[in-house]
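First comes the structure, then the notes that go with it.
Coordinate-derived values only; no laboratory data. Predicted model only: the values in this text are computed from it and were never measured. Note that each Cβ is placed from the backbone with ideal geometry, even for glycine, and that neighbours are counted across all protein chains shown.
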Amino acid sequence: MQTLTVYVGQGELIAIRHRGEAVIVDSRWPDEHAKAIEKQLQVFLRNQDLAGLVLTGFDNDHADPYGVDNILGEYKPNWIMYPKYYKDTDNATDVFKVINKHERRRRNTGKPLKKLSVRLDLHSRKLNGLSKYFSYELFSPHSEDMDNSNNCSIVLKLSGIGGNGFPYLITGDTENDRWDTITRTAYAHGSGRESLPPDVEVEVRAGERVECCLYVPADGATT
């Protein structure tokens, strides 16, 4: 399992691949880095089946319409996932125009685009049937804590299945008060005690540490 941080700044674009399958997290695609981002993705995703695109929120720094359009058009993921809430901004409107455009184009093909609007109080924590070599566990958002747009962000644990797979935490912009609730919920479901900043604990296996979309094995070597 390998990860590629294509862009990180105010927002991100990260690709993850494992056993011939891949997932992209967010779509920040600044004009000044567009050619470099395109080239890096082409190399990293060569001969990979893109399972899905996860948008942790609807601000431009996470859901860049240009990036969404490129990813859906060039790599044709099986699904796109985003948090279930209404954000009344021009950027959110533009993102859904792009998503709906690609959904229409692929509607009568052998590979239609599946839209996944997720919220913890409406879904099982385990999101099944999305990948062959990745599992997905949803921690946020939840309607009881969606008091601002940051706390409407997706928090999702993605884990590679088999081989050299590892857990990878996708955190969005979730704030500390929501993390407190996530911690209590994780304990209520019998989750483990491995710490994540800011003092957050979710289910990971002993000897592993995941931090804000960065995996650090027990030996300290980053991947």
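Work out Dmax and Rg for region 1-147 from the C-alpha atoms and quote the Rg first, both in angstrom.
14.8, 42
Taking the alpha-carbon centroid of each part, what is the distance from region 49-73 to region 114-132 in angstrom?
Each part's Cα centre sits 17 Å from the other's.
List the pairs from LYS87/LYS126; LYS87/LYS132; LYS35/LYS101; LYS35/LYS126; LYS39/LYS84; LYS35/LYS132 whose alpha-carbon separation is above 29 Å, in the order I gave them.
LYS87/LYS132; LYS35/LYS126; LYS39/LYS84; LYS35/LYS132
Using a simple charge model, +1 on the beta-carbon of Lys and Arg, -1 on the beta-carbon of Asp and Glu, nothing else, what dipole does region 1-130 show about its Cα centre, in debye to the nearest 20?
The calculated dipole for region 1-130 is roughly 820 debye.
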